[in-house]
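Below is one structure; the comments refer to it alone.
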Amino acid sequence: MDSGFYAACAGLRAQTQALEVEAHNLANVNTAGFRGEKTTFQSTLALAHPRAPNAVNLATNNYGVLEGTHLDLSTGSLKSTGNALDMAIEGSGFFAVETSQGVRYTRNGSFQVSSAGELVTAAGDRVQGVQVVQGKSRKILVPAGEPTVSPDGTVSVNGAVAGQIRLVDFPAGTALKTEGGSLLSAPAASEQAAPGATLLPATLESSNVNPITEVVKLIGVQREAEMLGRAMSLFDSEFNHIAASELGKV
């Protein structure tokens, strides 16, 4: 019976972790460029060589745990905004931005010009340019005027080139990690050029999270968690009954 209790406990913990992932996805359904996470589960057998390897024994000792999460890198829908500094990447690739934690990557092309004239994200992080000076990517200074952005990422104002936005990509299987919102981190030296990527000006890529699908998943996870919680309560009640009525007879 204790095996069943621990199996229910492990399952409840896994579903609680999955609930956090689904809630995070739903919270960012309107975040431009957001990449949703998907959960994967695995089973762990408590006894490597159970004394009675029958179906019931295997079922009660087979614990479900959260194996991990992985990013859904599918493309979100594209929406025209009419803002010249909104940009969407057509094809695979990411913008490289300089944050307080180092270089991070995003598909959120909602940019603006800072008070210093630099092209930055809505959070104020500098957007990297392709030219490198003294080992650091050159910032993009945008003078006053109406900016235009070409498909290769070149930013111009009144015909004068302000800079070219740096686009990067990663080999298949690279372990990208979300850092809240639309920012992603990547292993050191894993980035590479994104020659097939082009920019669409005055356009933003929406989150790739389908709200209807996520709500259905969230309801399913909640029901699983409630069921496992009830199972733990039943096991706990049975333990108390045994302790009160049976152990005194020993």
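Residues that are more than 30 Å from LEU234 (Cβ to Cβ) and modelled with pLDDT of 95 or more number at least 1 in the following strands (runs of 3 or more DSSP E) confined to segment 1-116: 78-80, 87-90, 94-99, 102-106, 111-113.
Applying the condition of being farther than 13 Å from VAL155 by Cα and not polar (S, T, N, Q) to segment 105-116 and asking which residue is surrounded by the fewest Cβ atoms within 10 Å (Cβ to Cβ) yields ALA116. Scanning segment 13-23 for residues being surrounded by 19 or more Cβ atoms within 10 Å (Cβ to Cβ) and over 17 Å from the mean Cα position of the chain (by Cα) gives a total of 2. Of all the residues in segment 190-223, those that are at pLDDT 90 or above and assigned to a loop (DSSP other than H, G, I, E, B) number 10. Here LEU183 does not qualify as farther than 25 Å from HIS24 by Cβ and in contact with a Phe, Trp or Tyr (Cβ under 8 Å, 6 or more places away or on another chain). Inside segment 142-160, can you point out the residues that are touching a strand residue (DSSP E or B) at 6+ places or on another chain (Cβ under 6 Å) and not in a loop (DSSP other than H, G, I, E, B)? Listed by number, the residues that qualify are PRO147, THR148, VAL149, THR154, VAL155, SER156, VAL157.
Cβ-Cβ distances below 9 Å connect the following pairs, each with a first residue in segment 73-93 that is over 21 Å from ASN210 (Cβ atoms), a second residue that is among the acidic types (Asp, Glu) and surrounded by fewer than 21 Cβ atoms within 10 Å (Cβ to Cβ), and a separation of six or more residues or different chains: ALA84/GLU146; GLY91/ASP169; GLY93/ASP169.
The values are calculated or read from the model by the stated rules, or taken from the named source; none is laboratory data. Computed from a predicted structure; not experimentally measured. As a convention, Cβ positions derive from the backbone with ideal geometry for all residues, glycine included, and neighbour counts pool all protein chains shown.
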